[in-house]
């Protein structure tokens, strides 16, 4: 009798632990590191978190951060589960290249979209080229952002000594808009998909000027930095900007730690791509850039894809 009671107790305990383990797996809580308000990461990341939360058995919340560099460190250290990161920064994080002090175990869930580096000023400043920024006050985004890294690369390639030839400010996107409105800075660098809320906000009250890169310089930089791309923003993307603007650009990826469970990655990726254009929480209703979230684009990542993501993209035929 005692033996039977003991066996029964062990079976009940085993089933209880199995149920609890299953419940924990089903109720897994994920965090998605995005960026600062004013860009695309913040609203789009929030929308993705809602989609995962509402359409899967996973829980998910988006968090505002300093963007790419910070997100790479957060995800690499296991402090965030997913992060929105510029492709060049993700590549450098996996290789342990500056600004990173070591290699981080990152993989991509998918590529989202390419993003041009906006160089924005207002009329009356006499700034028509990057060369005209000499002696000016320029905001290049917050420290730890991919935008700041690209901005420094552009300025240095144009021959600027960043400590002597101009005054650098590290303002957030919303702070940069206000500083340019108030005349505190002369130009700002932004990196996000177009059209972006921050630039539209500025254009609502000021005549903005977008500074293009010269084709030879763009070609030179793409050759030097093969993870960057040339992007042309079409005329009339922003009010009163009636000309095409050649920009240096970067890809944008959702990264995860290599340790993320395959099934979790699969569920998250599937939820996002099945709710791009349809459903109550359609991502295209959050930001028009979501239209670029298609599997054939998503697999083009500068770093390796997570096995869970590969599983989904094979199912939909994007990977053979």
Problem set entry | Filter pass, residue 236 being free of Cβ contacts under 8 Å to residues at least 24 places away in the same chain and on the phi > 0 side of the Ramachandran plot | yes
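To keep it simple, each residue is scored yes or no on (1) over 13 Å from the mean Cα position of the chain (by Cα); (2) at pLDDT below 95; (3) part of a strand (DSSP E or B).
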residue: 66; (1), (2), (3): no, yes, no
residue: 72; (1), (2), (3): no, no, no
residue: 80; (1), (2), (3): yes, no, no
residue: 83; (1), (2), (3): no, no, yes
residue: 99; (1), (2), (3): yes, yes, no
residue: 107; (1), (2), (3): yes, no, yes
residue: 113; (1), (2), (3): no, yes, yes
residue: 127; (1), (2), (3): yes, no, no
residue: 131; (1), (2), (3): yes, no, no
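Conditions tested, residue by residue: (1) closer than 25 Å to residue 147 by Cα; (2) crowded, with 24+ Cβ neighbours inside 10 Å; (3) without any contact (Cβ under 8 Å) to a residue 40 or more places away in the chain.
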site	(1), (2), (3)
249	yes, yes, no
254	yes, yes, no
263	no, no, no
266	no, no, no
269	no, yes, no
278	no, no, yes
282	no, no, yes
Problem set entry | Any pair with Cβ under 8 angstrom, 6 or more apart, that starts in segment 205-223 at a residue that is surrounded by fewer than 13 Cβ atoms within 10 Å (Cβ to Cβ) and ends at one that is assigned to a helix (DSSP H, G or I) | 205/181
Problem set entry | Lone qualifier among 87, 76 - being at pLDDT below 95, in the same structural domain as residue 289 (by TED's automatic domain parsing) and within 18 Å of residue 256 (Cα to Cα) | 87
For this session: Inspect segment 101-119 for any residue being without any contact (Cβ under 8 Å) to a residue 60 or more places away in the chain and closer than 25 Å to residue 230 by Cβ and give the result as yes or no.
Result: no
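Does at least one position in segment 92-101 carry a residue that is outside the structural domain of residue 230 (by TED's automatic domain parsing), more than 18 Å from residue 143 (Cβ to Cβ) and surrounded by 21 or more Cβ atoms within 10 Å (Cβ to Cβ)?
yes
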Problem set entry | Which listed residue, of 177, 120, 149, 142, is under 22 Å from residue 188 (Cα atoms), out of contact with any strand residue (DSSP E or B) (no Cβ under 9 Å at 6 or more places or on another chain) and surrounded by 21 or more Cβ atoms within 10 Å (Cβ to Cβ) | 142
Problem set entry | Odd one out for residue 291 among (1) under 20 Å from the mean Cα position of the chain (by Cα); (2) assigned to a helix (DSSP H, G or I); (3) under 20 Å from residue 54 (Cα atoms) | (3)
Exercise. Would you pick out the residues in segment 142-160 that are touching a helix residue (DSSP H, G or I) at 6+ places or on another chain (Cβ under 8 Å), in a loop (DSSP other than H, G, I, E, B) and modelled with pLDDT of 95 or more?
Worked result: 158, 160
Seminar exercise, completed: If we ask which residues in segment 81-104 are within 10 Å of residue 255 (Cα to Cα) and in contact with a helix residue (DSSP H, G or I) (Cβ under 6 Å, 6 or more places away or on another chain), their number turns out to be 4
For this session: Would you check which residues across segment 295-309 are crowded, with 20+ Cβ neighbours inside 10 Å and in a helix (DSSP H, G or I) and list them?
Result: 298, 308, 309
Exercise. Do we have any residue at all in segment 161-170 that's assigned to a helix (DSSP H, G or I) and not assigned by TED's automatic domain parsing to the domain that holds residue 33?
Worked result: no
Exercise. Name the residues in segment 238-254 that are touching a helix residue (DSSP H, G or I) at 6+ places or on another chain (Cβ under 9 Å) and not in a strand (DSSP E or B), would you?
Worked result: 238, 239, 240, 241
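The values are calculated or read from the model by the stated rules, or taken from the named source; none is laboratory data. Please read all numbers here as calculations on a predicted model, not as lab measurements. Every residue, glycine as well, gets a Cβ built from its backbone with ideal geometry; the counts of neighbours run over all protein chains shown.
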